[in-house]
Structures are given as structure tokens and as C-alpha cells.
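As C-alpha cells, the structure follows; a few thoughts come after it.
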Amino acid sequence: MAKHEVTMTINGQSVTAEVDSRLLLVHFIRENLDMTGTHIGCDTSNCGACTILLDGKSVKACTYLTVRADGAEITTIEGLAPEGTNHPLQQAFHDQHGLHCGFCTPGMIMRSVDLLKNNPNPTEEEIRWGISGNLCRCTGYNNIVKSVQQAAKEMAKEKEATV
């Protein structure tokens, strides 16, 4: 099996490793780097539990080869906010009870970060469409939508405060 050296930035830290050419990014993140917040749910990109940000765009890491991420900037759920703090989406999921078992939550939050970056004031329909590639088997999505709405308002306030 061919090995390749890859270098990438993960949560602000430069990482260099020699990896198998077929190693999936989700396995590299979880097994090589011990960052277990990115979950493995289906290995087919159906559920979205493995969603991360790759160069600022949400990507399902279970079908993305690590060698393709060479030179990329990656953010996982662990790197979304400084240690000891919560990103507005993390806080909103807590406040609005946007999780039950929590398995889909990291991927749902990472997908929502990308959604709000591109649409800072989405309608309920736009939120539902925006998260439609991520599955939750527990909540029925209503509280997830409320969480994204709360986070959008908080992020707009933060943006206003810095202008």
C-alpha cells in the first residue's frame, strides 16, 4: 500500500504525518490525532455525523481521503471555539435542547457553521434545507432549527458589536 506524507493545519495546529493512500480523513482525525468529536455514523456520507470544515467549507470526512487534505486548513468540533468557551452554535444547541443522544450534534453544528457563514439570517425553510444532508434520529429537527436561529441572532449581535 502506498504511503504519502501530508501536512495540514487542524484546529490551528500544523500536523505532518505519513498516511496510507486510502486512509479516510475521519479515521485520520479520530485514530491518528485522537480527536473523537468527529463521529463515524455510516461511512457512506448519508448521515453527516463526520462533518468538518475543510478550508472553511463543510465536508463529510467519511468519504474524503486524507491525502486530498494535504495543505488544507481543517476545523473539527474541538477547534470551533477556544478552550473553555462555546461557539454560539454550541451554546444554542445547549440552550434550545437541540440534541438528545448527541451523536449527530458535532456534524450538525459544523454544517450549521457553514450555513450561517453563507447565509447569516436564514429562514426556517433555509435552515431545514441547509442541514438536510445531516441526519438526526432523535429530535425531529425542531429544536435543531431553533438552535440555528438563536445562533444566527447571537452571531449577528457579535458582528454588530465589532463594527
I'm checking my understanding of the structure. Among residues of the range 55-64 that are crowded, with 18+ Cβ neighbours inside 10 Å and either out of contact with any helix residue (DSSP H, G or I) (no Cβ under 6 Å at 6 or more places or on another chain) or without any contact (Cβ under 8 Å) to a residue 40 or more places away in the chain (or both), which one is nearest to Thr7 (Cα to Cα)? Ala61
Take Ala151 and tell me if it is under 21 Å from Arg30 (Cα atoms), among the aliphatic types (A, V, I, L, M) and touching a Phe, Trp or Tyr at 6+ places or on another chain (Cβ under 9 Å). no
Only one of (1) surrounded by fewer than 18 Cβ atoms within 10 Å (Cβ to Cβ); (2) part of a helix (DSSP H, G or I) fails for His100. Which number is that? (2)
Do you know which of the residues in the range 18-54 that are exposed (fewer than 15 other Cβ atoms within 10 Å of the Cβ) and β-branched (Val, Ile, Thr) is nearest to the chain's Cα centre (by Cα)? Thr36
For the range 1-95, list the strands (runs of 3 or more DSSP E) that sit wholly inside it and hold at least 2 residues that are closer than 17 Å to Asp114 by Cβ and either of a type outside the set (S, T, N, Q) or modelled with pLDDT of 95 or more (or both); which are they? 51-54, 57-60, 73-75
Under 7 Å by Cβ, and 6 or more places apart or on different chains, what pairs join a residue from the range 86-106 that is more than 14 Å from Ile127 (Cβ to Cβ) with one that is acidic (Asp, Glu) and part of a helix (DSSP H, G or I)? Pro88/Glu154
Hey, could you check the range 103-127 for residues that are of a type in the set (S, T, N, Q) and surrounded by 20 or more Cβ atoms within 10 Å (Cβ to Cβ) and say which is nearest to Leu54 (Cα to Cα)? Ser112
All but one of (1) without any contact (Cβ under 8 Å) to a residue 12 or more places away in the chain; (2) in the same structural domain as Gln150 (by TED's automatic domain parsing) hold for Leu116; state the number of the condition that does not hold. (1)
Report the residue count in the range 1-17 for those that are over 16 Å from Ile77 (Cα atoms) and either surrounded by 12 or more Cβ atoms within 10 Å (Cβ to Cβ) or of a type outside the set (Val, Ile, Thr) (or both). 11
If I filter the range 139-156 for residues that are under 21 Å from Cys42 (Cα atoms), hydroxyl-bearing (Ser, Thr, Tyr) and assigned to a loop (DSSP other than H, G, I, E, B), do I get at least one hit? yes
Is at least one residue of the range 128-147 among the charged types (D, E, K, R), outside the structural domain of Arg30 (by TED's automatic domain parsing), buried (at least 16 other Cβ atoms within 10 Å of the Cβ) and touching a residue at least 60 places away in the same chain (Cβ under 8 Å)? no
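The values are calculated or read from the model by the stated rules, or taken from the named source; none is laboratory data. In this text, all values refer to a predicted model and were calculated from it rather than measured experimentally. No Cβ is skipped: glycine too gets one built from the backbone with ideal geometry, and neighbour counts run over all protein chains shown.
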